[in-house]
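Q: Handing you this structure, nothing more for now.
The values are calculated or read from the model by the stated rules, or taken from the named source; none is laboratory data. Please read these numbers as outputs of a predicted model, since none were measured by experiment. No Cβ is skipped: glycine too gets one built from the backbone with ideal geometry, and neighbour counts run over all protein chains shown. Just so you know, the surface numbers come from the protein's heavy atoms only, side chains and all, with ligands and any DNA or RNA stripped out. Shrake-Rupley method; radii C 1.70, N 1.55, O 1.52, S 1.80 Å.
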Amino acid sequence: MIEYTEGEALRDAKAPEGPIEERWAKRKFAAKLVNPANKRKLNVIVVGTGLAGGSAAATLGELGYNVKSFCYQDSPRRAHSIAAQGGINAAKNYRGDGDSIYRLFYDTVKGGDFRARESNVYRLAEVSVNIIDQAVAQGVPFAREYGGLLDTRSFGGAQVSRTFYARGQTGQQLLLGAYQALERQVKAGTVEMFTRHEMLELIVSDGRARGIIVRDMVTGEIERHTADAVVLATGGYGNVFFLSTNAKGCNTTAIWRAHERGAYFANPCYTQIHPTCIPVSGEYQSKLTLMSESLRNDGRVWVPVSAGDQRAPGDIPDEERDYYLERIYPAFGNLVPRDIASRAAKNVCDEGRGVGPGGLGVYLDFRDAIARLGRDAVEKKYGNLFEMYERITGEDPYTQPMRIYPAVHYTMGGLWVDYDLQSTVPGLFVIGEANFSDHGANRLGASALMQGLADGYFVLPTTLGDYLANGPYGEVDEEAVAEAEIKVRTKIDRLMAVNGTRTPDSFHRELGKIMWDYCGMERTEESLRKALDLIPALREEFWRNVKVSGTPEELNQVLEKAGRVADFFDLAELMCLDALVRTESCGGHFRAESQDADGEALRDDEHFAHVSAWERTPDGPVLHKEALEYDYVKMSQRSYK
């Protein structure tokens, strides 16, 4: 097994003190400003064009900085943020149902199982109200009530309706808003756009992040780009499991390269399993499809009372149905947080009461909602989601229940950042899902879009300005740039030279099965140690037997995949090590050895109320702990009953 050592404790020196509702205002006032003439002298690289990266590049360009924006897709519009369906949280309290900034803050800290920073989460809740105004001003077509007011709906982990939505296309509509703001700055000349470019290395000069090495994915050309600061907005790493709801291109390469250059990686074991996914349909499936959590507003989750019941769902009477979420968690019912709903689904399937092929599914039933509201009303809310489900499964959810099962969706872990969103490498800022900062051990639904836009539109432009106020940082050391480029070329040459017999996809699929079986919804010491034996052996075979066809000097998707899979091996090992060290259960990290009498996650606040931030060194991983202190929320065993 991989060995590790424990290093010095870590502290977020940028977090302000004082009353929590005043901390962000205090930090903004204390931040140094850059005058407009000096902004034109400063250069910023933003990697990623999703909600976080797109909004950040657009805002920084609007402020007058010189921005280079990179994405590996053929258009910024293709970023994976487009796949988000259900909505975006904001504490507007339009419903008058008791919501507030403090309640959103509390729900988020509780939903994350008390493993997130209070200051960061409160700032997120505070900024959320501005995000909706920003999006509406951009023309984002949020759903509206009959009278024209913005409509909201409920999501898991909350008893109020604070989720703004655009049918089942909220991520797409918000991304188009950020995209048009970005393209406006491209036209204005403040942002230079690089599509079909993949970041393969971080340039660190004199201890600061000063640029990136990228590969033009069409021509194969290796390019150098330098700047005064680098911003990573490259999303999460859920594709380490191979089967996930992520787009196939989502990967860990950008943040892993930064980790190799000195950026600490925080809480890598925190993986979110989403309960509302279309079940796996075959051995050769390459990805999974998410059905929005918003469906749990009106859909009821159930399985047959008796194990092995093979009757069609319409033939099973109500008294022989177990609406298990409503039974176990009467206060929240079908709107319990994702980690709890996922484990509950796994438990009933383990009891032999699952439905569909292999018994790995539960029903999400709209019969009662259609009877109560009428088909037309349900179609207005969820029509495109129902259509997507029918196209994939061939089943009509208006006449029979959907079948769903948990799947890997989001990663709460990511590069460690301070209150300013700066990593342990000065000048390297990390935003959105690529950082670890706001969700603790479990993200509440509709909070990903909120965090991405909060970071990009409102937080980073202030905190990055504070860093850039001391710039420009001069010429970048040529030796540092050359060394980074040589590292990229050496790895590409090594991949091409293996010339084995197996495809990168075959290795990725095998790695994903190891991760799902031994570090998935439930982890044990035995399973994690098993994974930590299997991963190095498979990685060794990869470097001995992978086959990369074609050449590097052309469009070569096999080479792209091979490089990403190589990074997934190293990340997977760290994920399993982090999960092994954290012997408690919390949120999406469920250690079977740590559960209460009711089978719920049992935290160990005495030993694990901290962020686990991992440093990569030549002598092996070093664990740094950042203590989590709660002054405004009382740490308690989560209850949604």
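Q: Enumerate the pairs (first residue in the stretch 507-532 and under 21 Å from residue 562 (Cβ atoms); second residue anywhere and part of a loop (DSSP other than H, G, I, E, B) and modelled with pLDDT of 95 or more) with beta-carbon separation below 8 Å, excluding pairs fewer than 6 apart on the same chain, so at least 6 apart or on different chains.
A: Note: pairs meeting the criteria are 508/242; 509/242; 511/242; 512/242; 512/243; 513/242; 515/242.
Q: Additional query: Go through 79, 84, 57, 91 for me and flag whichever is closer than 28 Å to residue 149 by Cα, of a type in the set (A, V, I, L, M, F, W, C) and buried (at least 24 other Cβ atoms within 10 Å of the Cβ).
A: Exactly one of 79, 84, 57, 91 is closer than 28 Å to residue 149 by Cα, of a type in the set (A, V, I, L, M, F, W, C) and buried (at least 24 other Cβ atoms within 10 Å of the Cβ), namely 84.
Q: A further question on this structure: Just a yes or no: is a residue in the stretch 145-159 open to solvent by 30 Å² or more (accessible area, probe 1.4 Å), free of Cβ contacts under 8 Å to residues at least 60 places away in the same chain, under 30 Å from residue 387 (Cα atoms) and aromatic (Phe, Trp, Tyr)?
A: yes
Q: Another one. Among the listed residues 441, 480, identify the single one that is more than 30 Å from residue 179 (Cα to Cα), in contact (Cβ under 8 Å) with a residue 40 or more places away in the chain and surrounded by 24 or more Cβ atoms within 10 Å (Cβ to Cβ).
A: Criteria check complete, one pass: 441.
Q: Let me ask something else. Consider residue 485 carefully, then state whether it is among the charged types (D, E, K, R), crowded, with 24+ Cβ neighbours inside 10 Å and in contact with a strand residue (DSSP E or B) (Cβ under 8 Å, 6 or more places away or on another chain).
A: Taking the combined requirement at face value, the residue does not satisfy it.
Q: Just to be sure, is residue 528 open to solvent by less than 10 Å² (accessible area, probe 1.4 Å) and assigned to a helix (DSSP H, G or I)?
A: Yes: the conditions hold for residue 528.
Q: Taking the stretch 144-188 only, how many residues are at pLDDT 95 or above, of a type in the set (Gly, Ala, Ser) and touching a strand residue (DSSP E or B) at 6+ places or on another chain (Cβ under 9 Å)?
A: 2
Q: Let me ask you something else. Take the residues in the stretch 267-289 that are surrounded by fewer than 24 Cβ atoms within 10 Å (Cβ to Cβ) and among the aliphatic types (A, V, I, L, M), then tell me which one is nearest to residue 167 (Cα to Cα).
A: In this case the residue turns out to be 278.
Q: Further, regarding this structure: Would you tally the residues in the stretch 531-547 being open to solvent by 80 Å² or more (accessible area, probe 1.4 Å) and in contact with a helix residue (DSSP H, G or I) (Cβ under 6 Å, 6 or more places away or on another chain)?
A: 0
Q: Just checking: which of the helices (runs of 4 or more DSSP H) contained wholly in the stretch 335-410 hold 3 or more residues that are closer than 26 Å to residue 242 by Cα and of a type outside the set (S, T, N, Q)?
A: Here the list reads 338-350, 375-393.
Q: May I ask you to say which residue of 306, 342 is touching a residue at least 40 places away in the same chain (Cβ under 8 Å) and more than 28 Å from residue 159 (Cβ to Cβ)?
A: After ruling out the rest, the residue left standing is 306.
Q: Residue 100 - would you say it is in contact with a strand residue (DSSP E or B) (Cβ under 6 Å, 6 or more places away or on another chain), more than 30 Å from residue 526 (Cβ to Cβ) and among the small types (Gly, Ala, Ser)?
A: Considered against the rule, which asks whether it is in contact with a strand residue (DSSP E or B) (Cβ under 6 Å, 6 or more places away or on another chain), more than 30 Å from residue 526 (Cβ to Cβ) and among the small types (Gly, Ala, Ser), residue 100 comes out as no.
Q: What's the number of the only condition in (1) under 22 Å from residue 588 (Cα atoms); (2) in a loop (DSSP other than H, G, I, E, B) that residue 81 fails to meet?
A: (2)
Q: Something else about it: Give the residues of the stretch 548-587 that are farther than 23 Å from residue 201 by Cα, open to solvent by 10 Å² or more (accessible area, probe 1.4 Å) and assigned to a loop (DSSP other than H, G, I, E, B), sorted by residue number.
A: Matches in the stretch 548-587: 583 only.
Q: Here's a follow-up. Can you tell me which residue is most open to solvent (accessible area, probe 1.4 Å) among those in the stretch 194-227 that are assigned to a strand (DSSP E or B), of a type in the set (A, V, I, L, M, F, W, C) and under 23 Å from residue 471 (Cα atoms)?
A: In this case the residue turns out to be 204.
Q: Examine the stretch 310-317 for a residue that is open to solvent by 10 Å² or more (accessible area, probe 1.4 Å), in contact with a strand residue (DSSP E or B) (Cβ under 8 Å, 6 or more places away or on another chain) and closer than 20 Å to residue 587 by Cα, and state whether such a residue exists.
A: Within the stretch 310-317, none of the residues are open to solvent by 10 Å² or more (accessible area, probe 1.4 Å), in contact with a strand residue (DSSP E or B) (Cβ under 8 Å, 6 or more places away or on another chain) and closer than 20 Å to residue 587 by Cα.
Q: Residue by residue through the stretch 447-472, note down the ones that are surrounded by fewer than 20 Cβ atoms within 10 Å (Cβ to Cβ) and farther than 17 Å from residue 420 by Cβ.
A: Within the stretch 447-472, just 472 meets the criteria.
Q: Identify, please: which residue in the stretch 246-266 is of a type in the set (Lys, Arg) and assigned to a loop (DSSP other than H, G, I, E, B) and is, among those, most open to solvent (accessible area, probe 1.4 Å)?
A: Filtering the stretch 246-266 for residues that are of a type in the set (Lys, Arg) and assigned to a loop (DSSP other than H, G, I, E, B), the one most open to solvent (accessible area, probe 1.4 Å) comes out as 248.
Q: Something else: Of all the residues that make up the stretch 589-614, how many are modelled with pLDDT under 95 and touching a Cys at 6+ places or on another chain (Cβ under 9 Å)?
A: Residues in the stretch 589-614 being modelled with pLDDT under 95 and touching a Cys at 6+ places or on another chain (Cβ under 9 Å): 1 in total.
Q: Could you check the stretch 519-534 and list, in sequence order, the residues that are among the basic types (Lys, Arg) and more than 22 Å from residue 340 (Cβ to Cβ)?
A: Listed by number, the residues that qualify are 529, 530.
Q: Moving on to the next point. Can you tell me which residue is nearest to residue 199 (Cα to Cα) among those in the stretch 60-76 that are part of a helix (DSSP H, G or I) and open to solvent by less than 30 Å² (accessible area, probe 1.4 Å)?
A: Residue satisfying both the conditions and the ranking: 76.
Q: Does the stretch 301-324 include one or more residues that are under 26 Å from the mean Cα position of the chain (by Cα), at pLDDT 95 or above and not β-branched (Val, Ile, Thr)?
A: No.
Q: Residue 115 - would you say it is of a type in the set (D, E, K, R), over 22 Å from residue 411 (Cβ atoms) and either part of a helix (DSSP H, G or I) or in contact with a Cys (Cβ under 6 Å, 6 or more places away or on another chain) (or both)?
A: It is false that residue 115 is of a type in the set (D, E, K, R), over 22 Å from residue 411 (Cβ atoms) and either part of a helix (DSSP H, G or I) or in contact with a Cys (Cβ under 6 Å, 6 or more places away or on another chain) (or both).
Q: Name the single residue, out of those in the stretch 109-136 being open to solvent by 10 Å² or more (accessible area, probe 1.4 Å) and closer than 18 Å to residue 153 by Cα, that is nearest to the chain's Cα centre (by Cα).
A: Among those that are open to solvent by 10 Å² or more (accessible area, probe 1.4 Å) and closer than 18 Å to residue 153 by Cα, it is 129.
Q: When the residues of the stretch 160-184 are narrowed to those that are open to solvent by 40 Å² or more (accessible area, probe 1.4 Å) and out of contact with any Lys or Arg (no Cβ under 9 Å at 6 or more places or on another chain), which ends up nearest to residue 381 (Cα to Cα)?
A: 169
Q: Can you spot a residue in the stretch 495-508 that is assigned to a helix (DSSP H, G or I) and surrounded by fewer than 15 Cβ atoms within 10 Å (Cβ to Cβ)?
A: Yes.
Q: All but one of (1) open to solvent by less than 40 Å² (accessible area, probe 1.4 Å); (2) closer than 18 Å to residue 402 by Cα; (3) among the hydrophobic types (A, V, I, L, M, F, W, C) hold for residue 360, so report the exception by its number.
A: (1)
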